[in-house]
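Step one of this worksheet: look at the structure below.
The values are calculated or read from the model by the stated rules, or taken from the named source; none is laboratory data. Treat the numbers as computed from the prediction; the structure is a model and nothing was measured. Glycine gets a Cβ as well: all are built from the backbone with ideal geometry, and neighbour counts include every protein chain shown. To get the accessible areas, we keep the full protein, side chains included, count just its heavy atoms, and leave off ligands, DNA and RNA. Shrake-Rupley method; radii C 1.70, N 1.55, O 1.52, S 1.80 Å.
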Amino acid sequence: MLSAFTRPAWLALAALLGLVASARAEEPFYKGKRLTLLINFAAGGPTDIEGRLFAKYLVKHIDGQPGMIVQNMDGAGGLIGAQYLGEVAPKDGTVVGYLSGSAWLYVSDPDRWRVDFRKYEFVAYQPGTTVHYMRTDVPPGMHAPADIAKAQGLIAGGLSADTSKDLRLRLALDMLGVPYKYVTGYRSSPPARLALQRGEISMFSESPPSYRSVVEPSLVKSGEAMPVFYDEVADPPPPQKQLEGLTIPSFPQLHREIKGALPSGRLFEAYRVLYDMNSTLQRMIALPPGTPPAALAALRSAIEGLDADKDFAAEATRTIEFAPDYPTAPDMSQQVRAMMVATPQMRDFINDYMRNPPKR
């Protein structure tokens, strides 16, 4: 039993310790921490351009003002960086993935993920599309998008055979009946773009950030390249903020111009599955499984601030000519997991197409 003399002192000490614990509990989760944004493609590509803008302004909205660094980890069409996030990165909220193209990489072959991608924690996503462009000197000379129907010796370049972007380009060319050779394995957009400039490939695909900031002002304005179509399944296409001001036909529009009818059939069903998944989940803001809920809540709040940040919108518009939106919600993980689905039959069909393309 405490003596009358010591008991008040113990009560005061207990009260003081309680106040300290309460103050620490109320401190921002990221106070005194350093945050790493892991981008699963190399520097200079569309994911990197967008991701660095995202990092620059996101940190301003994170309560506690943590430090922020950006780390690129490319390879295998984005698979290496996406898997590293779940397998190796610390699960304390200090590493956040800015991932591109990962949804289909998971759905196409879940067994190759040692850590189930559906168990990652998802904070936000960013919808988008892809612009497919080609050299204008492809014989007999390309002057308008529909001229691709006459193309001879076309070489389509890509990142990896199983990426959604590569598959959509190949499916589109097959539906249009364009003979082509397919060369893949470029680690990111910049080396593939350089290969196109050198004439090693004659067609490639990029999302609007790098198309607007690099391809259009350099390759298109110089006449070296021209856009052919952008990925879409609806006709007429809905407004696409990322493409405002660009005169590029959607894939259904181009198909109708060349073939006289809208696309249909099994190849278009596969294209639609890939499009529906990629157009919604083009970019995914993710953390490893087991990340503390306080980290997720802090990042959701910061992304809400980013979406309303006029300075972010202004710089993004100057840099990539549109301001990305990042939908976020407390149940975002459940929402994203529900989107990453395909029927076994369609998954098998696309995987078989990937390995055994139709004879041309």
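For segment 211-255, filtered to residues that are modelled with pLDDT under 95 and of a type in the set (Ser, Thr, Tyr), the residue that is surrounded by the fewest Cβ atoms within 10 Å (Cβ to Cβ) is Thr247. Taking the criterion of being surrounded by fewer than 20 Cβ atoms within 10 Å (Cβ to Cβ), at pLDDT below 95 and assigned to a loop (DSSP other than H, G, I, E, B), the only residue of segment 94-112 that qualifies is Asp109.
Restricting segment 326-341 to residues that are open to solvent by less than 30 Å² (accessible area, probe 1.4 Å), of a type in the set (A, V, I, L, M, F, W, C) and assigned to a loop (DSSP other than H, G, I, E, B), the residue that is farthest from Ala55 (Cα to Cα) is Met340.
Taken over segment 282-321, residues that are in contact (Cβ under 8 Å) with a residue 24 or more places away in the chain, of a type outside the set (Ser, Thr, Tyr) and outside any helix (DSSP H, G or I) amount to 12.
Within this structure, Val95 fails the test of being without any contact (Cβ under 8 Å) to a residue 12 or more places away in the chain, of a type outside the set (Gly, Ala, Ser) and closer than 21 Å to Leu299 by Cα.
Of all the criteria given as (1) touching a strand residue (DSSP E or B) at 6+ places or on another chain (Cβ under 9 Å); (2) closer than 29 Å to Gly32 by Cβ, the one not satisfied by Ala297 is (1). Residue count for segment 285-320, restricted to those that are open to solvent by less than 30 Å² (accessible area, probe 1.4 Å) and among the polar types (S, T, N, Q): 1.
This table checks each residue for (1) at pLDDT 95 or above; (2) among the aromatic types (Phe, Trp, Tyr); (3) in contact with a Ser or Thr (Cβ under 6 Å, 6 or more places away or on another chain); (4) surrounded by fewer than 19 Cβ atoms within 10 Å (Cβ to Cβ).
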position: Arg135; (1), (2), (3), (4): yes, no, yes, no
position: Leu154; (1), (2), (3), (4): yes, no, yes, no
position: Leu169; (1), (2), (3), (4): yes, no, yes, no
position: Ala172; (1), (2), (3), (4): yes, no, no, no
position: Pro179; (1), (2), (3), (4): yes, no, no, yes
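Of the candidates Tyr84, Tyr133, the single residue that is in a helix (DSSP H, G or I) and either out of contact with any Gly (no Cβ under 6 Å at 6 or more places or on another chain) or within 24 Å of Pro190 (Cβ to Cβ) (or both) is Tyr84. Based on this model, can you work out whether Ala323 counts as more than 24 Å from Arg212 (Cβ to Cβ), small (Gly, Ala, Ser) and either out of contact with any strand residue (DSSP E or B) (no Cβ under 6 Å at 6 or more places or on another chain) or surrounded by fewer than 21 Cβ atoms within 10 Å (Cβ to Cβ) (or both)? For Ala323, the condition - more than 24 Å from Arg212 (Cβ to Cβ), small (Gly, Ala, Ser) and either out of contact with any strand residue (DSSP E or B) (no Cβ under 6 Å at 6 or more places or on another chain) or surrounded by fewer than 21 Cβ atoms within 10 Å (Cβ to Cβ) (or both) - is not met. Is segment 195-205 home to any residue that is in contact with a helix residue (DSSP H, G or I) (Cβ under 9 Å, 6 or more places away or on another chain), open to solvent by less than 20 Å² (accessible area, probe 1.4 Å) and at pLDDT below 95? No, segment 195-205 contains no residue that is in contact with a helix residue (DSSP H, G or I) (Cβ under 9 Å, 6 or more places away or on another chain), open to solvent by less than 20 Å² (accessible area, probe 1.4 Å) and at pLDDT below 95.
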